[in-house]
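Peer 1: Quick one: the structure is below, questions incoming.
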Amino acid sequence: MTEWINVILQGVLIGGLYAMFAAGLSLIFGVMRLVNIAHGDLIVLAAYVALMVTQSLGIDPLVSLILVVPIMALIGYALQRGLLNFTLGEDILPPLLVTFGLSIILQNGLLELFTADSRKLQAGAIEIQTFQMMNGVWVGVLPLIQFVVAVGVIAGLQGLFYRTALGRAFRATSDDQPVAQLMGLDTRHVFAMAMALSLAVIAIAGVFLAVRANFDPSIGPARLIFGFEAVIIGGLGSMWGTLAGGIILGVSQAIGAQINPGWQLLAGHIVFLAILALRPQGLFPKVSG
Amino acid sequence: MMRVEHATTSSRIGVALIAVALVVLALAPFWGARETLRLLAEIFTYIALASLWNLLAGYAGLVSVGQQAFVGFGGYLLFALAMLAGVHPILAILLAGPAAALVAVPVAMLIFRLRGAYFAIGTWVVAEVFRLIASQISVLGGGSGISLPAAIVIAMAPSRQLREFETYWLALALTVLILGVIVALLRSRHGLALTAIRDNELAAQSNGIDVTRLKFIVYVLTAFGTGMMGGLIFLMKLRISPDTAFSVNDWTAFVIFITVIGGIGRIEGPIIGTVIFFVMRQTLSDLGSLYLLMMGAVAIIIMLWAPKGLWGLIAELLGWQVLPLQRRLLISGAAEKPGKKS
C-alpha cells in the first residue's frame, strides 16, 4: 500500500515539472495562437545555459536562475521580434514549419557545441535530502521544491494575466488583435513579451529538469510532447488546468513504470489519447479552438 | 458549348518529358551501376513520401509531423508478415498499404479532434505510441531491432543482381503508382474541392464542400501510400529497429524540408525538392550536424521569403505547369479564355 502511495506521490511531484513545460506552451498559444514546436528544445537550451552559468561562476543551479531566467527571457523577446512575428497570420503553416526548422537548428547547434554526451547539473547535498511524510512514505526535498515552484509559477501567471496591465494587454490581444491594435497596443511588442515570459518559465523548467536527471541535445521533442499532453488533458486556455494535466500525466507515467518499466511513457500517452477520445475539450477547458 | 481543358503547352511538353524519363528510368538496371540503382530507389521513396505529405499538408491543410507512424508501421508489418507468416516480401509490401489505411481510420477519428498546430503534435504522439509498442514486441527484436533473415531475402530471386533489379523496379512502380493516384485525385472533382480547401478553407466549406469528410479520406489515403513505402524502405534496408522505423528526422523533417523547398501545395514541388535535397546531401553530408542545421535554416528562409518554394517561383514567373492539372474553361466559338489557375 505504502509502495503505491509513494509511486503516486512521485508522479504528482514530477507532474509539477510537466506543468511548467505546459504553462509556457499554453501561454503563447493563448495570446497569439502559436504552437511552438521548438518549445522542448528551448527547455534543453535553458539547461545548457544553466550549465554554462554554473560552471563559469561556480554557483548553485538554483541560484543560477537569477541569470538564466533573464537570459532566456531576452532570447524569447528577440526570437519573437526577429523571427516569429513575421510568421503570424491566417495561415498556420508558416509558424509551424518555422518553429520546426528552429527545433532542428537548436538540436544540431547544441550537438555541435556540447557533443552528444549526457550532462547534469550538480545541486549538492539537497539532491539526496529526504524526509518522512508518513510511515514508509519518503519525500525528496528537491522534488518538493520543484513542485512548490511549479505551483508558484502557475499562480504567478494567473495573477499576471488577470491583475496587471501586461496581462490585460495579453487578454485583449488574444480576444481581438485588430481592435487591440486600434486601442493603441503594439501587438508586436505584446507578442514578444508573451514569448519572453514563456521562455522565462522554460528557464525555470529547464534548470529543474537538468538537476533532476541527465540531459543531452536530443531530449527536447519528448519534453514538448509532455507539455502538449498536459495542456490538452487540462483543457486549452486554463492555467490551473495545465497543473492538473501535468499531475495526471506524471501519475500515469509513474503507475505505468511501476507495473512495467517499459510502459512508463506508453501509459502517459494512452491516458492522453483516452482523454482525447472521451473528453476532447480537456478536463478544465476555458477557450475553444 | 463549354468544356474544361487541363493541358497547356508547357504541360504537354512536361508530360512528354516525363514519359521519356520514365522509359530511361525503367531501363536503369541496364545502364546504371549498383550504387546508382540504390541511390535512385532511395530518391523515388523520398519523392513518394514527400508527394504524399504534400497532398496531406499542402492541399488538405493537415500538417502532420507524425507520418513516421505509417512508415514504421509498414516496415514492421513487412517484417512480421515475412518472418512470422511466411508471406512473400513483395506481397507483404502491397498488404502494408490497406493495413496502414485500416489503422489510420481510428487514428484519424481521435486526432481530428485537434485543430491546426495541435493536430500536428497529436500525430507525433501517435507515432511515439507506435514506436513504444514496436519496442515491446520481442519476436521482432524489441527495442534493439532485428534483421530480415537471409533465407527470406535469398528466396526473393534466383540471384543477388535479380533481387536488386526487382527492388528497384518495385520502388519505381510504387512511386509512379502513388504519383499517378495523386494526379488522378487532383484532376477529379475531389481535386477541385481540395484545391479550393488549399486556397481558402472557409470559402470551400461555404460552397458546399464537406471539408471534414474530404480531409478524412485524404488522411487515410496518405496512410495507405506511406505504409506501402515504409514496407519498401525497410525491404531495401533489410534491418529494422523502433528508432529507425519511427524516426522523426528521416521520415518527417527531411520530407517537410523537401516539400517546403520545392514548393508546397504544388504537385511538382516535392519532385524538385527531392532532387535539391539529394544534391545537398551528396555534397554536404560530411558536415554532419552542421548540415542538418543549415537545412533547418534554409527551410526557415524559404518559408519566410518564398513560401511557395522554388517551383512556386518558377510557375509564377513563367506560368509553367509540368502536369496537366489546371482547369481552363473553353467556350467554343469565342476566343480562348484562360480561367482561374488552379
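Peer 1: So who's got an amide H within less than 5 Å of the one on B:Arg239, skipping anything under 5 residues away but keeping other chains? H placed 1.01 Å off N, in plane.
Peer 2: B:Leu148
Peer 1: Give me the three principal axis extents of the stretch A:2-278 from the C-alpha atoms, as integers in angstrom, largest value leading.
Peer 2: Dimensions of the stretch A:2-278 along the principal axes of its Cα atoms: 61, 48, 33 Å.
Peer 1: By count of other Cβ within 10 Å, fewest leading, how are B:Glu5, B:Glu42 ordered? Write down the numbers at each step before the final one.
Peer 2: Details: B:Glu5 13, B:Glu42 17.
By the 10 Å Cβ count, ascending: B:Glu5, B:Glu42.
Peer 1: Rounded, prolate or oblate for the stretch A:164-289? Axes are the square roots of the Cα gyration tensor eigenvalues, ordered a ≥ b ≥ c, and the cut-off for rounded is a/c under 1.5.
Peer 2: The shape class here is oblate.
Peer 1: Also, quick follow-up: Any idea how far apart B:Leu202 and B:Leu84 come out in nm if each label point goes 7 Å out from Cα toward Cβ?
Peer 2: Roughly 4.9 nm, to one decimal.
Peer 1: Most fluctuating residue of B:Thr123, B:Thr283, B:Thr36 in a GNM of chain B with Cα springs under 10 Å: which is it?
Peer 2: Its mean-square fluctuation being the largest, the pick is B:Thr283.
Peer 1: Report the Cα centroid-to-centroid distance between the stretch B:268-318 and the stretch A:112-127 in angstrom, as an integer.
Peer 2: Cα centroid to Cα centroid, the span is 36 Å.
Peer 1: Something else: Which of B:Ile13, B:Ile240, B:Ile272 moves most in a GNM of chain B, Cα contacts under 10 Å?
Peer 2: Highest fluctuation of the listed residues: B:Ile13.
Peer 1: Pairing the Cα long axis of helix A:141-163 with the longest principal axis of chain A, what angle in degrees results, from 0 to 90 and rounded to the nearest 10?
Peer 2: That works out to roughly 20 degrees.
Peer 1: Filter chain B for me: DSSP H helices, axial length by Cα at least 20 angstrom, mean Kyte-Doolittle hydropathy not below -1.0. List them by residue number.
Peer 2: Once both thresholds are applied, what remains is B:9-26, B:34-53, B:68-84, B:89-111, B:116-134, B:160-187, B:211-237, B:269-284, B:289-305.
Peer 1: Sticking with this structure for a sec: In square nanometres, what is one fourth of the surface area of the convex hull spanned by the alpha carbons of the protein assembly as shown? Display every interim value, and only then the final one.
Peer 2: Values: hull surface 127.7 nm².
Dividing the Cα hull surface by four gives the mean projection, 31.9 nm².
Peer 1: Moving on. Applying the Karplus parametrisation 6.51 cos²θ - 1.76 cosθ + 1.60 with θ = phi - 60° to the phi angles of the stretch A:53-60, what ³J(HN,Hα) value in whole Hz is obtained for each residue in order, glycine and proline being reported as x?
Peer 2: 5, 5, 6, 7, 9, x, 9, 5
Peer 1: Rg over Rh of the stretch A:186-256, using C-alpha atoms and the Kirkwood radius, what does it come to? Show your work: numbers first, answer last.
Peer 2: Working: Rg = 14.0 Å, Rh = 13.7 Å.
Radius of gyration relative to Kirkwood radius: 1.03.
Peer 1: Turning to a different aspect of this structure: Taking amide H positions as placed 1.01 Å from N in the peptide plane, with prolines and chain starts having none, which residues 5 or more places from B:Gln321, or on another chain, fall under 5 Å of its amide H?
Peer 2: For B:Gln321, whose amide H was placed from the backbone, the distant partners under 5 Å are B:Ser10, B:Ser11.
Peer 1: Along the Cα-to-C-beta direction of B:Leu185, a point sits 7 Å from the Cα; which residues of the stretch B:224-247 have their amide N less than 16 Å from that point?
Peer 2: Under 16 Å, as judged by backbone N against the label point of B:Leu185, lie B:224-230 of the stretch B:224-247.
Peer 1: Let me have the relative contact order for the stretch A:93-246, percent, based on Cα pairs under 8 Å that are six or more residues apart. Please report the intermediate quantities before stating the final value.
Peer 2: Numbers: 114 pairs, mean separation 39.3, N = 154.
Answer for the stretch A:93-246 is 26 percent.
Peer 1: Counting only residues 5 or more places away or on other chains, whose amide H sits under 5 Å from the amide H of B:Leu330 once H atoms are built in the peptide plane?
Peer 2: Counting only residues 5 or more places away or on other chains, the set is B:Arg3, B:Val4, B:Glu5.
Peer 1: Grab the beta carbon distance between B:Thr9 and A:Phe86, set R0 = 35 Å, and tell me the FRET efficiency rounded to 0.05.
Peer 2: On the way: r = 37 Å, r/R0 = 1.07.
E(calc), rounded to 0.05, equals 0.40.
Peer 1: Expressed in nm to one decimal, what extension gain is obtained for the pair B:Phe112 and B:Ile301 from 0.36 nm per residue of sequence separation less their Cα-Cα distance?
Peer 2: Numbers: separation 189, 0.36 × 189 = 68.04 nm, distance 3.00 nm.
Stretched out fully, the B:Phe112 to B:Ile301 stretch lengthens by 65.0 nm.
Peer 1: Hey, another quick one. If the elastic network links every pair of Cα atoms under 10 Å, which of B:Ala48, B:Ala204, B:Ala155 fluctuates the most in the Gaussian network model of chain B?
Peer 2: Residue with maximal mean-square fluctuation among B:Ala48, B:Ala204, B:Ala155: B:Ala155.
Peer 1: So what is the 222 nm mean residue ellipticity for the protein assembly as shown from helices alone, if each DSSP H run of at least 4 adds -39500 (n - 2.57) and you divide by all residues, rounding to the nearest 500 deg cm²/dmol?
Peer 2: Details: 27 runs with 445 residues, N = 631.
Only helices count here, giving -23500 deg cm²/dmol.
Peer 1: Something else about it: Rounded if a/c is under 1.5, else prolate if a/b beats b/c, else oblate: with a ≥ b ≥ c from the C-alpha gyration tensor eigenvalues square-rooted, which is chain B?
Peer 2: Working: a/c = 1.69, a/b = 1.41, b/c = 1.20.
Since a/c reaches 1.5 and a/b is larger than b/c, the shape of chain B is classed as prolate.
Peer 1: Note down the relative contact order for chain A as a percent, whole number, built from C-alpha pairs under 8 angstrom at least six residues apart. Before the final figure, lay out each step's value.
Peer 2: Details: 486 pairs, mean separation 104.0, N = 289.
Reported relative contact order: 36 percent.
Peer 1: Enter the angle in degrees (range 0 to 90, nearest 10) between the Cα long axis of helix A:61-82 and the first principal axis of the Cα atoms of chain A, meaning the one along which they spread out most.
Peer 2: Here the helix axis deviates by roughly 30 degrees.
Peer 1: Here's something else I'd like to know. Taking the beta-carbon count within 10 Å as an exposure proxy, list A:Met20, B:Met236, B:Met303 from fewest neighbours to most.
Peer 2: On the way: A:Met20 29, B:Met236 15, B:Met303 24.
Exposure proxy ranking, most exposed first: B:Met236, B:Met303, A:Met20.
Peer 1: Relative contact order, percent, of chain B when contacts are C-alpha pairs under 8 Å separated by at least 6 residues? List each step's numbers first, then the result.
Peer 2: Working: 484 pairs, mean separation 114.4, N = 342.
The normalised contact order for chain B reaches 33 percent.
Peer 1: Which residues does a label at B:Leu284 reach in the stretch A:73-115, if reach means a backbone N under 18 Å from a point 7 Å past the Cα toward the Cβ?
Peer 2: Zone members listed by number: A:98-113.
All of the numbers you see were taken from the coordinates with simple rules; none came from a lab. What you see is a predicted model, and the numbers here were worked out from it, not measured in a lab. In this analysis, Cβ positions are derived from the backbone assuming ideal geometry, glycine residues included, and neighbour counts consider all displayed protein chains.
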